[in-house]
Structures are given as C-alpha cells and as structure tokens.
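Structure first, commentary second.
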Amino acid sequence: MDAGRRFDPARKHTVKLSRKLYDKLGEDVANELVDWFNQVDATYRADLRELNYARFDAKLEQRLAESDANWERRLAELDTKWESRLAYSDARWEGRIAGLRTELATGLAVGYARTIDTRFR
C-alpha cells in the first residue's frame, strides 16, 4: 500500500460528514460554512504561531541572560585570579629589586672604601 494513502478511519468519517453537510445544507451554505471554518482555523494557526514565537523568544532571552551571567562570573573569577597573581609577581619583583639595590649599595660602598683606602695610604 502507498505510504501517502494509508487507511485513516478519521478521514473516512470526515468524507461522510462532508457529504452529509453538503446534502443537508446545500452547496452554497456548506461552502460558506467551510470557508468560515477555514478562516477561523487560519486565525487560530496565526495566533498559535505568534504564541510559539513569543515563547521561543522568551526562552532564548532567558538562556542568553543565563549565559551572560555565567560569562560575567567566569570573567570576574579570572580577574580576581590574575589580580592575585600580578600582586604576587609585583611583590617578588620588588623584593628582587630591593635585594639588587642593597647589593649595589654595598658594592659601591665597598668600592668607594677601597678607593679611599688606596688613595690615602
């Protein structure tokens, strides 16, 4: 049996109902009624499409807001981590520079003392 032409009991009832409607009301009235139903169906479909879009839009906005919050949290954590590391690095460099200054001052003092000692002997 063709996949597009499977037996559908609801279709059989729809055809019978349609035939009875045309027989009882006449073609003009039945056509008007069918047109009215089609208009109502189109209106409801459009309304449903708008509602589905609004729901999709709201979910998308919520997910984007959650993603933004997550990124903000991660960036704040990274900022804190880098500030800590930079402060530690600055402290180490300051210590090294202070040590070099001390060594330089000591070296200069010793050199100056040697120079004075050798000149006044």
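Just so you know, all these numbers are worked out from the coordinates, no wet-lab data involved. From a predicted model like this one, the values you see are computed outputs, not experimental measurements. Glycine gets a Cβ as well: all are built from the backbone with ideal geometry, and neighbour counts include every protein chain shown.
Please list, or write none, the lysines whose alpha carbon is within less than 24 Å of the alpha carbon of Lys20, excluding same-chain residues fewer than 8 places away. Those lysines meeting the cut-off are Lys12. Label-to-label distance, Phe56 versus Thr102, with points set 7 angstrom from Cα along the beta-carbon direction: 7.0 nm. The 3J(HN,Hα) values that the Karplus relation (6.51, -1.76, 1.60; θ = phi - 60°) gives for segment 69-85 are, in residue order, 5, 5, 5, 4, 4, 4, 5, 5, 4, 5, 4, 4, 4, 5, 4, 5, 5 Hz. Gly and Pro appear as x.
Applying the criteria of a DSSP loop state and at most 13 other Cβ atoms within 10 Å to the chymotrypsin sites (Phe, Trp or Tyr not before Pro) of segment 70-121 yields Phe120. Rounded to two decimals, the Cα radius of gyration of the chain over 2.2 N^0.38 Å is 3.23. Report, in deg cm²/dmol and to the nearest 500, the calculated mean residue ellipticity at 222 nm for the chain, where each DSSP H run with n ≥ 4 adds -39500 (n - 2.57) and the sum is divided by the residue count. Result for the chain, helices only: -34000 deg cm²/dmol.
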